[in-house]
1. Pull out the extension gain between T47 and D130, defined as 0.36 nm times the separation in residues minus the alpha carbon to alpha carbon distance; nm, one decimal.
2. Taking H placed 1.01 Å from N in the peptide plane, check which residues at least 5 places from T81 or on another chain put their amide H under 5 Å from its amide H.
3. So if I restrict to the alpha-carbon atoms in the range 96-153, what is the Rg, and what is Dmax, the biggest pairwise distance, in Å?
4. Scale the Cα Rg of the range 39-97 by the rule-of-thumb value 2.2 N^0.38 Å and send over the ratio, two decimals.
5. Just how large is the dipole of the range 6-157 about the Cα centre, in debye to the nearest 20, putting +1 at every Lys and Arg Cβ and -1 at every Asp and Glu Cβ?
6. Whole-Hz ³J(HN,Hα) for each residue in the range 133-148, computed from phi via Karplus 6.51 cos²θ - 1.76 cosθ + 1.60 with θ = phi - 60°, x for glycine and proline: what do you get?
7. Report Rg(Cα)/(2.2 N^0.38 Å) for the range 6-157, keeping two decimals.
8. Would you grab the residues whose amide H sits under 5 Å from the one on Q127? Only those 5+ places off in sequence or on another chain, please, with H modelled 1.01 Å from N.
Amino acid sequence: MTTPRGTRANPVKLEVRSVADTSGTVAEGYAALFNSQTDIGGYWLETIAPGAFTRTLRENDVIAVHSHDTGRVVGRKLAGTLSLREDDKGLYFENVLPDTTDGRDLVVQIDRGDIAGMSFAFIATRQEWDETLEPPTRRILECDLYEITYTAFPQYTDTEVGLRSLEHARTERRGQNKVAATHRIASRRARQAQIERGIA
């Protein structure tokens, strides 16, 4: 079964600058922020751990698109038109925008503030849930990153994938609790058997 991708966004201001040696304009900013708690529709609070993108940046290609539309690609890591790196703040990117309608429009839209931030599409591969809090908290420790996207609505709106992940975490925890309980019962029975045989 294919794991559906989640999308997340942040409202950090973007910038554009002209670069003479590439004959183009570069958009730059942060596609994700570390340790920044976000409310996911009231269902849970989520943070991204530093280093969550380390493996995926080393192993995977990533594209930059407009509005999560993979038919509107404006940069690609393997093509050298998109660079991504982690720093203390989060996932920083530089995107040499193409001389296309989308590329030219993005320069104007970012400069005017019409495009208010970035989003990214990912699948969490390692995460931690804490259900002792209300709402629960989720910390993404590692993920597969597929795209970053320019968006007019930098909000965390996708809850379906995370809710499935939360239910999986609960099921997994119930299984672990059941195994632990079985071990505790077996240990008590073994100890009782020793006592009954006079082996203290």
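Each value in this text was obtained by applying a stated rule to the coordinates, not by laboratory testing. Keep in mind that this is a model prediction, so the values were computed, not measured. Positions of Cβ are generated from backbone atoms using ideal geometry, with glycine treated the same way; all protein chains shown enter the neighbour counts.
1. 28.7 nm
2. Result for T81 returns R76.
3. For the range 96-153, the Cα-based Rg and Dmax read 16.8, 51 Å.
4. Working: Rg = 13.6 Å, N = 59, 2.2 N^0.38 = 10.4 Å.
Working it through for the range 39-97, the quotient is 1.31.
5. The calculated dipole for the range 6-157 is roughly 180 debye.
6. Calculated HN-Hα couplings, in order: 9, 10, x, x, 10, 10, 10, 7, 8, 7, 8, 9, 9, 10, 8, 10 Hz.
7. Details: Rg = 15.5 Å, N = 152, 2.2 N^0.38 = 14.8 Å.
After normalising by residue count via 2.2 N^0.38 Å, the value is 1.04.
8. L141
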